[in-house]
1. What net charge do the residues around residue 39 carry, taking every other residue with its C-beta under 10 Å from that of residue 39, with Lys and Arg at +1 and Asp and Glu at -1?
2. How much of residue 213 can a 1.4 Å solvent probe reach, expressed as accessible area in Å² and rounded to 10?
3. Using only protein heavy atoms and a 1.4 Å probe, report how much of residue 222 is accessible, in Å² to the nearest 10.
4. Against the longest alpha carbon principal axis of the chain, how many degrees, from 0 to 90 and to the nearest 10, is the axis of helix 196-211 turned?
5. Each label point is 7 Å from the Cα along the Cα-to-Cβ direction; what then is the distance between the points at residue 7 and residue 124, in nm?
6. Per 5 Å bin, what percent of the C-alpha pairs of the range 79-278 does each bin hold, from zero upward?
7. Below 13 angstrom from the Cβ of residue 247, what's the summed charge of the other residues (Lys, Arg +1; Asp, Glu -1)?
8. Could you state the principal axis extents of the C-alpha atoms in the range 131-249, from the largest down, to the nearest angstrom?
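The values are calculated or read from the model by the stated rules, or taken from the named source; none is laboratory data. Quick caveat: nothing in here was measured; it's all calculated off a predicted structure. Here the Cβ positions follow ideal geometry from the backbone for every residue, glycine too, while neighbour counts run over all protein chains shown. When the accessible area is computed, the model is the full protein with side chains, heavy atoms only, and any ligands, DNA or RNA have been set aside. Shrake-Rupley method; radii C 1.70, N 1.55, O 1.52, S 1.80 Å.
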Amino acid sequence: MAKLGKSEKLNLLKTFCGWLLILVYLFPVYWMINTSFKSGKEMFANPPTLFPKHLYLDSYKAVFTGNYGTWQALLNSIIISVSVLFLTLVIAVPAAYAVARLRTRITTAMMVMLTIVQLLPAIAISIPMFVMFRQVGAVNTFVSVILADISVTLPFAVILLRPYFKQFPYEVEEAAQLDGLNTVNTIIRIVMPTIKPGIVMIGSFSFLMAWGEFTFALTLTTNQNIQPLTVALNRLIGQYGTNWNDLMAVATVIALPVLLIFIFLQRYIVAGLAGGATKG
């Protein structure tokens, strides 16, 4: 058997370290799913079991048929996340194009402000938003939660989409306009198909950020008919006790779309992140 060269050994070491990191990061996810299929007795067994001895499905039955309001919360999360995804792309694409093409002091100041907004923690702006929405009577509505989520996803989207538009050849846009296309049609028909990985990446992260958002949803809603899954998850944590297997079942339902999006859109997400990182 031929001996491995120095570069091959280094690649094997990197591969091993990569898989080790993946296992460390994914183990909590596995334990969450594992716990959701355990009975209460097996869940507290000592030593703990790495695999359920018997698949216990009563947690999922309790979550979806009990009084937790999971179905309504799931529908609310879908409404909020899809709305945030759509509105973020509709606003961020022309905004990022304008910031990339109009190089003035105003656009520079705008980028600075967007960066500052990204650095603010959600808890720091949730209370002012609650006061603002309460004054206009928008508390306990989908509008307040969607707008609050967009305040986080929109700066993120504009900042990451700007390099794509900035690096797109302006000569191609001029040629399209000479052929009779206006600016809007040029962006939709010429530019956007070219930067598709970036748009898919932004859309995916916008959906996931809205799907997993908790602070705004908890602050701006007290009505269970409006609250998303993340707040419904919080309702399972009791003052005197917690049904951990039920809690893990809801957490698994919340994590499922995240896993599916990364599995099916991995190629676009990786290409979008890599493309954005190499564009100035």
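1. +1
2. Approximately 30 Å² for this residue.
3. Probe radius 1.4 Å; accessible area of residue 222 about 110 Å².
4. Roughly 40 degrees between the two axes.
5. 4.7
6. 1, 7, 13, 16, 17, 15, 12, 9, 5, 3, 1, 1, 0, 0, 0
7. Summing Lys and Arg as +1 and Asp and Glu as -1 gives +1.
8. Taking max minus min along each principal axis of the Cα atoms, the range 131-249 gives 69, 37, 20 Å.
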